[in-house]
Amino acid sequence: MIQTLFGSVEQEPTLLEKLKSGVQKTREGLVSRIEEVVSGRKVIDADLLDELEYTLISADIGVSTTTEILERIRERVDCKLVGDSGELRGLIREYLLEVLQTNDRPLAYVDAPPAVIMLVGVNGAGKTTTIGKLAAHLKGEGRSVLLCAADTFRAAAIEQLEVWGERTGIQVIRQNTGADPSAVMFDALSAAKARQVDYVIIDTAGRLQTKTNLMAELEKMRRTASRIIPDAPHEVLLVLDATTGQNGLEQARKFTESSGVTGIVLTKLDGTAKGGVVVAIARELGLPIRFIGVGEKIDDLLPFDPERFIDSLFAQ
Ligand SMILES: Nc1nc2c(ncn2[C@@H]2O[C@H](COP(=O)(O)OP(=O)(O)O)[C@@H](O)[C@H]2O)c(=O)[nH]1
Ligand SMILES: [Mg+2]
């Protein structure tokens, strides 16, 4: 049932428009720059390749991906498979899509409700906002949803989730500030199981009040979840702020090492030209991108589809 988290973008022209405007800045920072570099230069020489390398790295697609793209271009130039620089745009596009597709995979299969989705990531990444958007969407599809306020670090965090709960008409299971996150989750999962709710979405802290290590706490939460519902959490989504670009990767590695992350939500794509980081993330972490955030409003969350994403980025 979790496979139907969102419909496909193809079926909804408004989603496609949203995607296009969401990647507008990245298109300017990446694709338009590539076009500038190659335009009016027929010959592919060392200078052109250097400029291309610089452009790709500046757009945050990552050093390893950039190196591989350039190797591929050089190989094809050497074998005379590439006639002129006009073909380079297509080659880069092809390679970026390949990286995203290689790391794509279907959502977890959940045979009996509730499907448990946990969101993790540092403070300010956009976890709570993403939960609100996701919950609204699921409810709109006629699914029952329960939210769990396991970010107990600040009172404001719980209240923020409650605001989303009110806005969407979805119940939020909470305890007081400072409560044990695993205990709040225990309550939420027990309630969801008893009521046969379709989805439980768990908000978590980016930082803890106690001296307990955050990663150890998240690990404990996962163990607790699986004791109540076997296989839960079905999806652990790491929320990353796209505006931090490459700097977010190191932090992402920490989470993926200890939190059993199954997918990425990349937020704030609307505000950055560093959207190319999506490629670096997929490649370096070997994880699929599940959703992208393109604004602060309730319907500003889009399902991620490699082909649609690349199409929108390279659209003429
Ligand atoms: N522009 C933009 N802002 C976002 C997006 N997602 C979240 N935000 C904003 O980022 C800030 C932090 O979000 P929040 O959900 O509180 O992050 P959390 O600490 O991880 O729970 C808020 O002001 C959100 O409105 C997005 O996709 N685009
Ligand atoms: Mg939050």
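Derivation of every value follows stated rules applied to the coordinates shown; laboratory data play no part. Given the structure is predicted, the values throughout are model-derived calculations rather than measurements. Counting neighbours? That spans all protein chains shown, and the Cβs are built from the backbone with ideal geometry, glycine included.
Yes/no matrix, rows are residues, columns are (1) in contact with a Leu (Cβ under 8 Å, 6 or more places away or on another chain); (2) within 12 Å of ligand 2 (Cβ to nearest atom):
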{"site": "N123", "(1), (2)": "no, yes"}
{"site": "G165", "(1), (2)": "yes, no"}
{"site": "T204", "(1), (2)": "yes, yes"}
{"site": "L214", "(1), (2)": "yes, no"}
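When both residues are 6+ apart or on different chains and their Cβ atoms are under 9 Å apart, which pairs have a first residue that lies in segment 108-128 and is more than 13 Å from V200 (Cβ to Cβ), and a second that is basic (K, R) and assigned to a loop (DSSP other than H, G, I, E, B)?
Hits for this filter: V122/R207; N123/R154; N123/R207; A125/K268; G126/K268.
Having 2 or more residues that are away from ligand 1 (no atom under 16 Å from the Cβ) is the bar; report the strands (runs of 3 or more DSSP E) wholly within segment 218-316 that clear it. Can you show your working first?
Working: elements: 235-241, 263-267, 289-293, 301-303.
Hits in segment 218-316: none.
Which numbered condition in (1) touching a Pro at 6+ places or on another chain (Cβ under 8 Å); (2) within 16 Å of ligand 2 (Cβ to nearest atom) is the only one that R222 fails?
If we test R222 against (1) touching a Pro at 6+ places or on another chain (Cβ under 8 Å); (2) within 16 Å of ligand 2 (Cβ to nearest atom), just (2) comes out false.
Could you tell me how many of the residues in segment 71-94 are closer than 12 Å to I44 by Cα and surrounded by 13 or more Cβ atoms within 10 Å (Cβ to Cβ)?
Selection size over segment 71-94: 9.
May I ask you to verify whether L15 is touching a strand residue (DSSP E or B) at 6+ places or on another chain (Cβ under 8 Å) and in a helix (DSSP H, G or I)?
It is true that L15 is touching a strand residue (DSSP E or B) at 6+ places or on another chain (Cβ under 8 Å) and in a helix (DSSP H, G or I).
List the helices (runs of 4 or more DSSP H) that sit entirely inside segment 87-199 and contain at least 2 residues that are basic (K, R).
Result: 88-102, 127-140, 181-195.
Could you tell me whether segment 239-256 includes any residue that is at negative phi, buried (at least 20 other Cβ atoms within 10 Å of the Cβ), within 16 Å of ligand 2 (Cβ to nearest atom) and aliphatic (A, V, I, L, M)?
Yes, segment 239-256 contains a residue that is at negative phi, buried (at least 20 other Cβ atoms within 10 Å of the Cβ), within 16 Å of ligand 2 (Cβ to nearest atom) and aliphatic (A, V, I, L, M).
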